[in-house]
1. Hey, what did the stretch 1-120 get for relative contact order, percent, Cα under 8 Å, at least 6 apart?
2. Carbon and sulfur together cover what percent of the accessible area of the chain at a 1.4 Å probe radius?
3. Between the stretch 34-65 and the stretch 66-139, what's the alpha-carbon centroid distance in Å?
4. Work out from phi, with θ = phi - 60° and the Karplus expression 6.51 cos²θ - 1.76 cosθ + 1.60, the ³J(HN,Hα) of each residue of the stretch 75-83, listed in order in whole Hz, and give x for Gly and Pro.
5. Using the Cβ atoms and a cut-off under 14 Å, what net charge is assigned to the surroundings of Cys131, where Lys and Arg are +1 and Asp and Glu are -1?
6. Given (1) 121; (2) 88; (3) 131 as candidate values of volume of the Cα convex hull per residue in Å³, which corresponds to the one derived from the coordinates?
7. Sorting check: for 117-127, 41-51, which peptide has the highest mean count of neighbouring beta carbons within 10 Å, and how do the rest follow?
8. Per the helix-only calculation at 222 nm, which mean residue ellipticity applies to the chain, given -39500 (n - 2.57) for every DSSP H run of n ≥ 4 and division by its residues, nearest 500 deg cm²/dmol?
Amino acid sequence: MNLREDTTDPMTKVLAWLGYAALGVAAFLNAILGGTILVTGHLIGAFGVAGEHLHDDQLADSANHAALIAKLIAIGFGVMAATEYGAAHFLRRRIRTMFIPIACGLTVVGETAFSVWSGHFNALDAVIIACVAFATWVWWKLPRA
């Protein structure tokens, strides 16, 4: 069987679209988490500004530090969402590149690190990790050139 027949196989197309959807769900969830945490960081930063205006150094320092941490976490979730989104499009086009497992590995490490840092592993983390695990399996099953 030549490569052209292999890439036009209907099962390969369906599998690629399912992997694309799984990575899309993971990217969407990470983007929502990142956006929510970014807005929270901005709101906490407003308390820091209020503390500066009230000349309350403890409130200002504490709120500004918490806002910085929230914004850095939001950037992390944004990076994960962007890499998942890019990898999803490679998967949809059935381009077997190393970017896909690297993006999936980044997501697993990022979600696990955030869970360890926060002390909670919840169902949302499990759903995201399951989506990228499925997408990695799909990448593995794609035909090799």
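1. Working: 115 pairs, mean separation 36.8, N = 120.
Averaging sequence separation for qualifying contacts and normalising by length gives 31 percent for the stretch 1-120.
2. On the way: 6150 of 8600 Å².
Exposed carbon and sulfur together represent 71 percent of the surface.
3. Each part's Cα centre sits 28 Å from the other's.
4. 5, x, 5, x, 5, 4, 5, 5, 5
5. Details: positive: none; negative: Glu84, Glu111, Asp125.
Counting the neighbours of Cys131, the net charge comes to -3.
6. (2)
7. Numbers: 117-127: 11.4, 41-51: 15.5.
Result, highest mean first: 41-51, 117-127.
8. Working: 5 runs with 124 residues, N = 145.
Value at 222 nm, helices only: -30500 deg cm²/dmol.
The values are calculated or read from the model by the stated rules, or taken from the named source; none is laboratory data. Just so it is clear, the structure is predicted and the values come from calculations on it, not from any experiment. In this analysis, Cβ positions are derived from the backbone assuming ideal geometry, glycine residues included, and neighbour counts consider all displayed protein chains. When the accessible area is computed, the model is the full protein with side chains, heavy atoms only, and any ligands, DNA or RNA have been set aside. Shrake-Rupley method; radii C 1.70, N 1.55, O 1.52, S 1.80 Å.
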